[in-house]
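**Q** Let me give you the structure first, and then I'll get to my questions.
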Ligand code: GDP
Ligand code: MN
(Lines give C-alpha, C1' and ligand atoms only; values in the text may rest on other atoms or scores of the structure.)
(Ligands and ions follow the chains in the order given, each with its own letter.)
Protein backbone atom coordinates (compact mmCIF):
# COMPACT_ATOMS: atom_id res chain seq x y z
CA UNK A 1 0.00 0.00 0.00
CA UNK A 2 1.72 3.15 -1.24
CA UNK A 3 1.16 6.42 0.57
CA UNK A 4 1.01 9.88 -0.87
CA UNK A 5 3.81 12.23 0.15
CA UNK A 6 1.74 14.10 2.71
CA UNK A 7 0.50 10.87 4.30
CA UNK A 8 4.07 9.63 4.57
CA UNK A 9 5.01 12.92 6.20
CA UNK A 10 2.23 12.44 8.76
CA UNK A 11 3.85 9.15 9.74
CA UNK A 12 7.28 10.81 9.80
CA UNK A 13 6.02 13.53 12.13
CA UNK A 14 4.49 10.91 14.43
CA UNK A 15 7.99 9.47 14.90
CA UNK A 16 9.75 12.74 15.47
CA UNK A 17 11.18 13.20 11.99
CA UNK A 18 11.19 16.86 11.03
CA UNK A 19 8.86 17.92 8.20
CA UNK A 20 7.44 21.28 7.10
CA UNK A 21 3.92 22.10 8.19
CA UNK A 22 1.33 22.07 5.44
CA UNK A 23 -2.21 21.31 4.32
CA UNK A 24 -3.73 18.89 1.82
CA UNK A 25 -6.34 20.49 -0.45
CA UNK A 26 -8.38 19.58 -3.51
CA UNK A 27 -9.27 23.00 -4.99
CA UNK A 28 -7.68 26.30 -5.96
CA UNK A 29 -9.52 28.40 -3.35
CA UNK A 30 -8.59 25.94 -0.62
CA UNK A 31 -5.00 26.10 -1.84
CA UNK A 32 -5.03 29.89 -1.46
CA UNK A 33 -6.46 29.61 2.06
CA UNK A 34 -3.92 26.92 2.98
CA UNK A 35 -1.02 29.02 1.66
CA UNK A 36 -2.13 31.97 3.80
CA UNK A 37 -2.25 29.68 6.83
CA UNK A 38 1.19 28.09 6.40
CA UNK A 39 2.72 31.40 5.35
CA UNK A 40 4.48 32.55 2.16
CA UNK A 41 6.59 31.49 0.36
CA UNK A 42 4.91 28.11 -0.13
CA UNK A 43 5.58 25.10 -2.26
CA UNK A 44 2.64 23.54 -4.11
CA UNK A 45 3.01 19.83 -4.67
CA UNK A 46 1.01 17.35 -6.74
CA UNK A 47 0.02 14.34 -4.62
CA UNK A 48 0.28 11.29 -6.87
CA UNK A 49 1.75 7.86 -6.32
CA UNK A 50 4.68 8.39 -8.66
CA UNK A 51 8.05 10.09 -8.34
CA UNK A 52 9.66 12.70 -10.55
CA UNK A 53 6.86 15.17 -9.94
CA UNK A 54 9.30 18.07 -9.88
CA UNK A 55 10.56 17.38 -13.38
CA UNK A 56 6.99 16.93 -14.62
CA UNK A 57 6.00 20.40 -13.38
CA UNK A 58 4.06 19.10 -10.38
CA UNK A 59 6.12 20.96 -7.75
CA UNK A 60 6.09 24.78 -7.81
CA UNK A 61 7.11 27.58 -5.48
CA UNK A 62 4.67 30.44 -4.95
CA UNK A 63 5.52 33.83 -3.43
CA UNK A 64 2.00 35.21 -3.26
CA UNK A 65 -1.68 34.56 -3.76
CA UNK A 66 -1.59 35.15 -7.53
CA UNK A 67 1.17 32.60 -8.01
CA UNK A 68 -0.61 30.12 -5.75
CA UNK A 69 -3.76 30.49 -7.83
CA UNK A 70 -1.83 30.03 -11.06
CA UNK A 71 0.22 26.98 -10.01
CA UNK A 72 -2.60 25.26 -8.10
CA UNK A 73 -4.84 25.68 -11.14
CA UNK A 74 -2.20 24.26 -13.47
CA UNK A 75 -1.25 21.30 -11.29
CA UNK A 76 -4.78 20.17 -10.33
CA UNK A 77 -5.99 17.79 -13.02
CA UNK A 78 -2.49 17.49 -14.46
CA UNK A 79 -1.51 14.05 -15.74
CA UNK A 80 1.84 12.87 -14.41
CA UNK A 81 2.76 9.71 -16.31
CA UNK A 82 -0.73 8.28 -16.12
CA UNK A 83 -1.57 9.63 -12.65
CA UNK A 84 -4.15 12.39 -12.48
CA UNK A 85 -3.63 14.99 -9.75
CA UNK A 86 -6.68 15.29 -7.47
CA UNK A 87 -4.89 16.52 -4.34
CA UNK A 88 -2.30 19.21 -3.63
CA UNK A 89 -0.03 19.52 -0.65
CA UNK A 90 0.76 23.10 0.29
CA UNK A 91 3.67 23.54 2.66
CA UNK A 92 5.80 26.41 3.85
CA UNK A 93 8.80 26.53 1.49
CA UNK A 94 12.20 25.60 2.86
CA UNK A 95 15.56 27.15 2.12
CA UNK A 96 17.94 24.45 0.99
CA UNK A 97 21.70 24.26 1.60
CA UNK A 98 22.11 20.54 0.72
CA UNK A 99 19.93 17.72 -0.56
CA UNK A 100 20.67 14.26 0.86
CA UNK A 101 19.01 10.88 0.38
CA UNK A 102 17.93 8.31 3.00
CA UNK A 103 15.91 5.12 2.92
CA UNK A 104 15.13 1.96 4.87
CA UNK A 105 13.86 -1.23 3.31
CA UNK A 106 14.01 -4.97 3.80
CA UNK A 107 16.82 -6.75 1.98
CA UNK A 108 15.14 -10.10 1.45
CA UNK A 109 18.24 -11.97 0.33
CA UNK A 110 20.20 -10.84 3.39
CA UNK A 111 17.10 -11.24 5.59
CA UNK A 112 17.95 -7.93 7.22
CA UNK A 113 16.81 -4.31 7.14
CA UNK A 114 18.93 -2.16 4.86
CA UNK A 115 19.64 1.53 5.49
CA UNK A 116 20.84 3.61 2.56
CA UNK A 117 22.22 7.11 2.68
CA UNK A 118 23.79 9.50 0.20
CA UNK A 119 24.72 13.16 0.07
CA UNK A 120 23.71 13.14 -3.60
CA UNK A 121 19.99 13.52 -2.98
CA UNK A 122 17.26 15.33 -4.84
CA UNK A 123 18.03 13.37 -7.99
CA UNK A 124 17.19 9.90 -9.23
CA UNK A 125 18.98 7.67 -6.72
CA UNK A 126 19.23 4.74 -9.17
CA UNK A 127 21.36 7.02 -11.32
CA UNK A 128 23.67 7.76 -8.40
CA UNK A 129 23.90 4.03 -7.59
CA UNK A 130 24.92 3.34 -11.17
CA UNK A 131 27.17 6.32 -11.90
CA UNK A 132 28.98 6.52 -8.57
CA UNK A 133 28.06 3.59 -6.30
CA UNK A 134 30.64 4.73 -3.72
CA UNK A 135 28.39 7.75 -3.05
CA UNK A 136 25.56 5.52 -1.84
CA UNK A 137 26.21 4.00 1.58
CA UNK A 138 24.38 0.70 2.14
CA UNK A 139 24.36 -0.75 5.67
CA UNK A 140 22.52 -3.78 7.00
CA UNK A 141 20.97 -3.53 10.43
CA UNK A 142 20.74 -6.31 13.00
CA UNK A 143 16.97 -6.99 13.02
CA UNK A 144 16.98 -7.76 16.74
CA UNK A 145 19.32 -5.01 17.94
CA UNK A 146 17.88 -2.35 15.63
CA UNK A 147 19.74 0.69 14.34
CA UNK A 148 22.10 1.85 17.07
CA UNK A 149 23.07 5.48 17.59
CA UNK A 150 26.67 4.61 16.82
CA UNK A 151 25.75 2.96 13.55
CA UNK A 152 23.48 5.85 12.50
CA UNK A 153 26.27 8.40 13.08
CA UNK A 154 28.73 6.14 11.25
CA UNK A 155 26.42 5.89 8.22
CA UNK A 156 26.11 9.68 8.11
CA UNK A 157 29.89 10.07 8.39
CA UNK A 158 30.70 7.39 5.80
CA UNK A 159 28.20 8.94 3.41
CA UNK A 160 30.04 12.25 3.65
CA UNK A 161 27.42 14.32 5.48
CA UNK A 162 28.72 17.71 6.64
CA UNK A 163 30.41 17.38 10.04
CA UNK A 164 28.06 19.83 11.76
CA UNK A 165 24.94 17.85 10.79
CA UNK A 166 26.12 14.31 11.60
CA UNK A 167 23.92 14.26 14.70
CA UNK A 168 20.96 15.68 12.81
CA UNK A 169 21.30 13.12 10.03
CA UNK A 170 21.66 10.35 12.60
CA UNK A 171 18.44 11.57 14.26
CA UNK A 172 16.68 11.45 10.90
CA UNK A 173 17.98 7.96 10.10
CA UNK A 174 16.93 6.73 13.54
CA UNK A 175 13.43 8.17 13.15
CA UNK A 176 13.15 6.78 9.62
CA UNK A 177 14.15 3.34 10.86
CA UNK A 178 11.51 3.60 13.58
CA UNK A 179 8.87 4.54 10.98
CA UNK A 180 9.84 1.56 8.86
CA UNK A 181 9.80 -0.86 11.78
CA UNK A 182 6.89 0.31 13.89
CA UNK A 183 4.52 1.16 11.05
CA UNK A 184 5.21 -2.15 9.26
CA UNK A 185 6.45 -0.33 6.17
CA UNK A 186 8.11 -2.18 3.30
CA UNK A 187 9.85 1.02 2.23
CA UNK A 188 10.51 4.38 3.89
CA UNK A 189 12.42 6.83 1.70
CA UNK A 190 13.32 10.51 1.90
CA UNK A 191 14.56 12.23 -1.24
CA UNK A 192 15.59 14.90 -0.59
CA UNK A 193 16.48 14.96 3.06
CA UNK A 194 17.56 18.58 3.24
CA UNK A 195 19.94 20.60 5.33
CA UNK A 196 18.72 24.18 5.72
CA UNK A 197 21.05 27.19 5.88
CA UNK A 198 20.28 27.17 9.64
CA UNK A 199 21.70 23.61 9.59
CA UNK A 200 18.45 21.90 10.40
CA UNK A 201 17.87 18.44 8.85
CA UNK A 202 14.37 17.94 7.46
CA UNK A 203 12.42 15.56 5.18
CA UNK A 204 11.26 17.47 2.11
CA UNK A 205 9.70 14.45 0.40
CA UNK A 206 8.32 11.12 1.64
CA UNK A 207 7.86 7.81 -0.08
CA UNK A 208 6.33 5.22 2.21
CA UNK A 209 4.84 1.83 1.36
CA UNK A 210 3.01 0.01 4.11
CA UNK A 211 2.56 -3.74 4.26
CA UNK A 212 -1.16 -4.15 3.57
CA UNK A 213 -1.16 -7.51 5.33
CA UNK A 214 -0.04 -5.86 8.57
CA UNK A 215 -2.64 -3.11 8.42
CA UNK A 216 -4.81 -4.86 11.01
CA UNK A 217 -2.13 -3.97 13.53
CA UNK A 218 -2.50 -0.29 12.67
CA UNK A 219 -6.17 0.70 12.72
CA UNK A 220 -5.04 4.35 12.73
CA UNK A 221 -3.43 3.81 9.29
CA UNK A 222 -6.52 2.27 7.71
CA UNK A 223 -7.75 5.67 6.52
CA UNK A 224 -4.46 6.28 4.68
CA UNK A 225 -5.36 3.82 1.96
CA UNK A 226 -6.12 6.59 -0.47
CA UNK A 227 -8.89 5.07 -2.51
CA UNK A 228 -9.00 7.93 -5.01
CA UNK A 229 -5.49 7.05 -6.16
CA UNK A 230 -5.97 3.31 -6.37
CA UNK A 231 -6.56 1.45 -9.60
CA UNK A 232 -10.38 1.44 -9.93
CA UNK A 233 -10.51 -2.28 -10.80
CA UNK A 234 -8.27 -3.18 -7.85
CA UNK A 235 -10.50 -1.10 -5.60
CA UNK A 236 -13.62 -2.92 -6.81
CA UNK A 237 -11.90 -6.27 -6.26
CA UNK A 238 -11.02 -5.28 -2.72
CA UNK A 239 -14.64 -4.34 -2.02
CA UNK A 240 -15.71 -7.74 -3.31
CA UNK A 241 -13.10 -9.49 -1.19
CA UNK A 242 -11.29 -10.85 -4.25
CA UNK A 243 -7.52 -10.92 -4.75
CA UNK A 244 -6.87 -8.99 -7.97
CA UNK A 245 -3.62 -7.48 -9.22
CA UNK A 246 -3.51 -5.65 -12.52
CA UNK A 247 -0.63 -6.57 -14.83
CA UNK A 248 0.25 -5.10 -18.20
CA UNK A 249 -0.52 -7.91 -20.66
CA UNK A 250 -3.64 -8.82 -22.64
CA UNK A 251 -4.64 -12.27 -21.33
CA UNK A 252 -7.12 -12.26 -18.47
CA UNK A 253 -6.40 -14.94 -15.87
CA UNK A 254 -8.80 -16.39 -13.36
CA UNK A 255 -8.25 -19.37 -11.10
CA UNK A 256 -9.16 -20.69 -7.67
CA UNK A 257 -6.30 -20.55 -5.20
CA UNK A 258 -3.32 -18.20 -5.22
CA UNK A 259 -0.82 -20.96 -6.04
CA UNK A 260 -2.80 -22.15 -9.02
CA UNK A 261 -3.19 -18.61 -10.36
CA UNK A 262 0.54 -17.97 -10.02
CA UNK A 263 1.38 -21.17 -11.88
CA UNK A 264 -1.14 -20.18 -14.53
CA UNK A 265 0.66 -16.86 -15.00
CA UNK A 266 3.92 -18.77 -15.44
CA UNK A 267 2.49 -21.27 -17.91
CA UNK A 268 0.89 -18.51 -19.99
CA UNK A 269 4.17 -16.58 -20.01
CA UNK A 270 6.01 -19.73 -21.04
CA UNK A 271 3.58 -20.20 -23.92
CA UNK A 272 4.53 -16.70 -25.09
CA UNK A 273 1.56 -14.80 -23.69
CA UNK A 274 1.34 -11.76 -21.41
CA UNK A 275 -1.07 -11.95 -18.47
CA UNK A 276 -3.33 -8.95 -17.91
CA UNK A 277 -3.95 -9.68 -14.26
CA UNK A 278 -3.77 -11.98 -11.29
CA UNK A 279 -7.24 -12.95 -10.06
CA UNK A 280 -7.88 -15.51 -7.36
CA UNK A 281 -11.58 -16.29 -7.13
CA UNK A 282 -10.96 -18.30 -3.96
CA UNK A 283 -12.72 -21.47 -2.91
CA UNK A 284 -16.42 -22.20 -3.50
CA UNK A 285 -17.42 -20.66 -6.79
CA UNK A 286 -21.12 -19.96 -7.05
CA UNK A 287 -22.65 -18.25 -10.06
CA UNK A 288 -22.73 -14.84 -8.44
CA UNK A 289 -19.05 -14.97 -7.49
CA UNK A 290 -18.02 -16.08 -10.95
CA UNK A 291 -20.15 -13.40 -12.54
CA UNK A 292 -18.40 -10.78 -10.42
CA UNK A 293 -14.99 -12.21 -11.28
CA UNK A 294 -15.73 -12.23 -15.02
CA UNK A 295 -16.91 -8.63 -14.79
CA UNK A 296 -13.67 -7.66 -13.04
CA UNK A 297 -11.58 -9.36 -15.71
CA UNK A 298 -13.43 -7.66 -18.52
CA UNK A 299 -13.32 -4.25 -16.88
CA UNK A 300 -9.74 -4.11 -18.17
CA UNK A 301 -10.00 -3.00 -21.81
CA UNK A 302 -6.63 -4.53 -22.66
CA UNK A 303 -7.97 -8.09 -22.24
CA UNK A 304 -8.19 -9.91 -25.57
CA UNK A 305 -8.75 -13.47 -24.30
CA UNK A 306 -9.35 -15.09 -20.92
CA UNK A 307 -8.02 -18.24 -19.33
CA UNK A 308 -10.27 -19.70 -16.69
CA UNK A 309 -8.27 -22.27 -14.76
CA UNK A 310 -10.14 -24.26 -12.12
CA UNK A 311 -8.80 -27.11 -10.11
CA UNK A 312 -11.69 -28.77 -8.30
CA UNK A 313 -11.09 -29.81 -4.72
CA UNK A 314 -13.64 -28.56 -2.26
CA UNK A 315 -14.75 -26.39 -5.15
CA UNK A 316 -16.78 -28.61 -7.48
CA UNK A 317 -16.23 -28.22 -11.21
CA UNK A 318 -19.90 -28.76 -12.04
CA UNK A 319 -20.80 -25.86 -9.73
CA UNK A 320 -18.18 -23.70 -11.41
CA UNK A 321 -19.55 -24.65 -14.83
CA UNK A 322 -23.05 -23.69 -13.73
CA UNK A 323 -21.77 -20.40 -12.43
CA UNK A 324 -19.95 -19.74 -15.66
CA UNK A 325 -23.01 -20.55 -17.77
CA UNK A 326 -25.21 -18.27 -15.67
CA UNK A 327 -22.60 -15.52 -15.82
CA UNK A 328 -22.23 -15.80 -19.57
CA UNK A 329 -25.96 -15.68 -20.17
CA UNK A 330 -26.01 -12.33 -18.44
CA UNK A 331 -22.69 -10.77 -19.46
CA UNK A 332 -22.18 -12.15 -22.98
CA UNK A 333 -18.44 -11.42 -23.18
CA UNK A 334 -17.05 -10.30 -26.51
CA UNK A 335 -13.64 -11.92 -26.00
CA UNK A 336 -12.91 -15.66 -26.23
CA UNK A 337 -12.57 -17.78 -23.09
CA UNK A 338 -10.56 -20.92 -22.56
CA UNK A 339 -11.85 -23.01 -19.67
CA UNK A 340 -9.80 -25.70 -18.07
CA UNK A 341 -11.69 -27.77 -15.52
CA UNK A 342 -9.90 -30.51 -13.64
CA UNK A 343 -10.58 -32.25 -10.32
CA UNK A 344 -13.78 -32.89 -8.39
CA UNK A 345 -16.70 -33.46 -10.80
CA UNK A 346 -14.68 -32.23 -13.78
CA UNK A 347 -16.41 -34.48 -16.31
CA UNK A 348 -19.80 -33.31 -15.19
CA UNK A 349 -18.59 -29.73 -15.43
CA UNK A 350 -17.25 -30.13 -18.95
CA UNK A 351 -20.48 -31.90 -19.99
CA UNK A 352 -22.53 -28.97 -18.69
CA UNK A 353 -20.38 -26.51 -20.62
CA UNK A 354 -20.66 -28.57 -23.78
CA UNK A 355 -24.45 -28.76 -23.48
CA UNK A 356 -24.70 -25.03 -22.95
CA UNK A 357 -22.72 -24.50 -26.19
CA UNK A 358 -21.60 -21.04 -25.13
CA UNK A 359 -20.29 -19.08 -28.08
CA UNK A 360 -16.63 -18.16 -27.80
CA UNK A 361 -15.86 -20.67 -25.03
CA UNK A 362 -13.20 -23.31 -25.57
CA UNK A 363 -12.57 -26.25 -23.27
CA UNK A 364 -9.13 -27.58 -22.37
CA UNK A 365 -8.21 -30.42 -20.09
CA UNK A 366 -4.60 -29.56 -19.24
CA UNK A 367 -2.95 -26.32 -18.23
CA UNK A 368 -0.43 -26.40 -21.07
CA UNK A 369 -3.12 -26.98 -23.65
CA UNK A 370 -5.20 -24.19 -22.13
CA UNK A 371 -2.24 -21.78 -22.14
CA UNK A 372 -1.41 -22.47 -25.78
CA UNK A 373 -5.04 -22.01 -26.78
CA UNK A 374 -5.44 -18.72 -24.96
CA UNK A 375 -2.19 -17.31 -26.35
CA UNK A 376 -3.35 -18.20 -29.89
CA UNK A 377 -6.77 -16.66 -29.27
CA UNK A 378 -5.27 -13.45 -27.89
CA UNK A 379 -3.18 -13.22 -31.05
CA UNK A 380 -6.35 -13.59 -33.12
CA UNK A 381 -5.56 -17.08 -34.35
CA UNK A 382 -8.31 -19.68 -34.63
CA UNK A 383 -8.28 -22.73 -32.37
CA UNK A 384 -10.30 -25.96 -32.36
CA UNK A 385 -12.09 -27.70 -29.48
CA UNK A 386 -15.17 -25.58 -28.82
CA UNK A 387 -16.85 -26.32 -25.51
P1 LIG B 1 9.67 14.57 -6.66
O2 LIG B 1 10.18 15.31 -7.85
O3 LIG B 1 8.40 13.83 -6.97
O4 LIG B 1 10.69 13.69 -6.03
O5 LIG B 1 9.24 15.71 -5.58
P6 LIG B 1 10.09 16.36 -4.40
O7 LIG B 1 9.19 16.56 -3.25
O8 LIG B 1 11.34 15.60 -4.12
O9 LIG B 1 10.45 17.79 -4.97
C10 LIG B 1 11.26 17.94 -6.11
C11 LIG B 1 12.27 19.04 -5.91
O12 LIG B 1 11.59 20.27 -5.69
C13 LIG B 1 13.17 18.86 -4.70
O14 LIG B 1 14.28 18.04 -4.97
C15 LIG B 1 13.57 20.28 -4.41
O16 LIG B 1 14.69 20.64 -5.19
C17 LIG B 1 12.38 21.10 -4.87
N18 LIG B 1 11.61 21.53 -3.69
C19 LIG B 1 10.62 20.86 -3.06
N20 LIG B 1 10.21 21.52 -1.96
C21 LIG B 1 10.96 22.63 -1.89
C22 LIG B 1 11.04 23.73 -0.97
O23 LIG B 1 10.33 23.80 0.05
N24 LIG B 1 11.94 24.70 -1.23
C25 LIG B 1 12.78 24.66 -2.31
N26 LIG B 1 13.63 25.63 -2.49
N27 LIG B 1 12.75 23.65 -3.20
C28 LIG B 1 11.86 22.64 -3.00
MN1 MN C 1 11.60 13.46 -4.26
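**Q** Take residue 271 and tell me if it is more than 16 Å from ligand 2 (Cβ to nearest atom), out of contact with any helix residue (DSSP H, G or I) (no Cβ under 6 Å at 6 or more places or on another chain) and in contact (Cβ under 8 Å) with a residue 12 or more places away in the chain.
**A** no
**Q** Which of (1) outside any strand (DSSP E or B); (2) within 27 Å of residue 381 (Cβ to Cβ) does residue 278 not meet, given it meets every other one?
**A** The failed condition is (1).
**Q** Could you please give the count of residues in the stretch 24-49 that are under 22 Å from residue 231 (Cα atoms) and within 16 Å of ligand 2 (Cβ to nearest atom)?
**A** Total satisfying the criteria: 5.
**Q** I'd like the residue in the stretch 23-49 that is in a helix (DSSP H, G or I) and within 14 Å of ligand 1 (Cβ to nearest atom) and, out of all such residues, is surrounded by the fewest Cβ atoms within 10 Å (Cβ to Cβ).
**A** Ranking the candidates gives 38 first.
**Q** Residues in the stretch 120-129: is at least one outside any helix (DSSP H, G or I), touching a helix residue (DSSP H, G or I) at 6+ places or on another chain (Cβ under 8 Å) and within 16 Å of ligand 1 (Cβ to nearest atom)?
**A** Yes, because at least one residue in the stretch 120-129 is outside any helix (DSSP H, G or I), touching a helix residue (DSSP H, G or I) at 6+ places or on another chain (Cβ under 8 Å) and within 16 Å of ligand 1 (Cβ to nearest atom).
**Q** Which residues, counting only those in the stretch 70-87, are out of contact with any strand residue (DSSP E or B) (no Cβ under 7 Å at 6 or more places or on another chain) and buried (at least 17 other Cβ atoms within 10 Å of the Cβ)?
**A** Once the filter is applied, which keeps residues that are out of contact with any strand residue (DSSP E or B) (no Cβ under 7 Å at 6 or more places or on another chain) and buried (at least 17 other Cβ atoms within 10 Å of the Cβ), the stretch 70-87 yields only 83.
**Q** OK, next. Being in the same structural domain as residue 369 (by TED's automatic domain parsing), part of a loop (DSSP other than H, G, I, E, B) and under 25 Å from residue 365 (Cβ atoms), is that true of even one residue in the stretch 319-327?
**A** no
**Q** Consider residue 235 carefully, then state whether it is more than 16 Å from ligand 2 (Cβ to nearest atom) and at pLDDT 95 or above.
**A** no
**Q** Given the conditions (1) more than 16 Å from ligand 2 (Cβ to nearest atom); (2) under 26 Å from residue 224 (Cβ atoms); (3) free of Cβ contacts under 8 Å to residues at least 40 places away in the same chain, report the number of the one that residue 178 does not fulfil.
**A** (3)
**Q** Still on this structure: Kindly indicate the residue of the stretch 50-92 that is assigned to a loop (DSSP other than H, G, I, E, B), away from ligand 2 (no atom under 13 Å from the Cβ) and closer than 16 Å to residue 2 by Cβ and also modelled with the lowest pLDDT among those meeting that condition.
**A** Ranking the qualifying residues of the stretch 50-92, first place goes to 82.
**Q** A further question follows. Out of everything in the stretch 7-22 that is surrounded by fewer than 21 Cβ atoms within 10 Å (Cβ to Cβ) and part of a loop (DSSP other than H, G, I, E, B), what residue ends up being nearest to ligand 2 (Cβ to nearest atom)?
**A** The residue in question is 20.
**Q** Going by the conditions given, is residue 302 surrounded by fewer than 20 Cβ atoms within 10 Å (Cβ to Cβ) and under 15 Å from residue 245 (Cα atoms)?
**A** Judged against the criteria, residue 302 is a match.
**Q** I'd like the full set of residues that are over 21 Å from residue 55 (Cα atoms) and either out of contact with any helix residue (DSSP H, G or I) (no Cβ under 8 Å at 6 or more places or on another chain) or at pLDDT 95 or above (or both), limited to the stretch 203-213.
**A** Scanning the stretch 203-213 gives 209, 211, 212, 213.
The values are calculated or read from the model by the stated rules, or taken from the named source; none is laboratory data. Values in this document were obtained by computation on a predicted structure and should not be read as measured data. With ideal geometry, Cβ positions are generated from the backbone for all residues, glycine too; neighbour counts draw on all protein chains shown.
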